[in-house]
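Undergrad: Quick one: the structure is below, questions incoming.
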Amino acid sequence: MDGKDIIICRCEEVTRADVLRAIEAGCHTVASVKRATRAGMGACQGRTCGRLIQQILISQGVLDPASIQGDKARFPTVPCEIQALGGSLE
């Protein structure tokens, strides 16, 4: 087993082979792999697969580990009215 069938992004069902193909096509950052494969665009917004993609990029020699600056994953939020949360303004 070569590990290419391992699922990297569970939300979007992106495999290691998909990520490797994106790298071969010229994707050299997490953001470019995300655009090419949809990895990190699911419900977890990359909190699960983001680091895995980084490690694959590093192992393939296309990403310098020194260039990584902390965890930038953020929970997606949108404004809503307080009534939508079941609260009251009174």
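The values are calculated or read from the model by the stated rules, or taken from the named source; none is laboratory data. Fair warning: this is a prediction, and the values are worked out from it, not measured in the lab. Glycine gets a Cβ as well: all are built from the backbone with ideal geometry, and neighbour counts include every protein chain shown. Side chains included, ligands, DNA and RNA excluded: accessible areas come from the protein's heavy atoms. Shrake-Rupley method; radii C 1.70, N 1.55, O 1.52, S 1.80 Å.
Undergrad: Which value, in Å² rounded to 10, gives the accessible area of VAL78 with a 1.4 Å probe and all protein chains present?
TA: 120
Undergrad: Taking a Cβ-Cβ separation under 4.7 Å as the criterion for a possible partner, which cysteines of the chain have none?
TA: CYS11, CYS27, CYS44, CYS80
Undergrad: State, to one decimal in nm, how far the label point of SER32 lies from the label point of ASP64, with both points 7 Å from Cα in the Cβ direction.
TA: 1.5
Undergrad: Could you work out the relative contact order of region 13-60, using alpha carbon pairs under 8 angstrom and six or more residues apart, expressed as a whole percent?
TA: Working: 35 pairs, mean separation 17.9, N = 48.
Value for region 13-60: 37 percent.
Undergrad: Also, quick follow-up: Quick one: pull the percent of accessible area on the chain belonging to carbon and sulfur, 1.4 Å probe, ligands and nucleic acids left out. The partial results should precede the final answer.
TA: Numbers: 3310 of 6420 Å².
Of all accessible area on the chain, carbon and sulfur atoms account for 52 percent.
Undergrad: Compute the relative contact order of the chain as a whole-number percentage, counting only Cα pairs closer than 8 Å that sit 6 or more residues apart in sequence. Kindly include the intermediate steps, with their values, before the conclusion.
TA: Details: 90 pairs, mean separation 20.2, N = 90.
Value for the chain: 22 percent.
Undergrad: What distance in nm separates the two pseudo spin-label positions at ALA84 and ARG51, each 7 Å out from Cα along the beta-carbon direction?
TA: About 3.2 nm separates the two model spin labels.
Undergrad: Starting from the amide H of ILE8, placed 1.01 Å from N in the peptide plane, find each other amide H under 5 Å away whose residue is 5 or more places distant or on another chain.
TA: For ILE8, the qualifying residues are VAL14, THR15, ARG16.
Undergrad: While we're on this one: Can you work out the accessible area per residue across the chain, with the rest of the protein chains kept in place, probe 1.4 Å, in square angstrom? Let's see the in-between values first.
TA: Working: 6420 Å² over 90 residues.
Per-residue value: 71 Å².
Undergrad: Sticking with this one: How long are the three semi-axes of the equivalent ellipsoid of the chain, in whole Å, if each is the root of 5 times an eigenvalue of the C-alpha gyration tensor, listed from largest down? Don't skip to the answer; put the middle values down first.
TA: Working: eigenvalues 217, 45, 21 Å².
Computed over the chain, the values are 33, 15, 10 Å.
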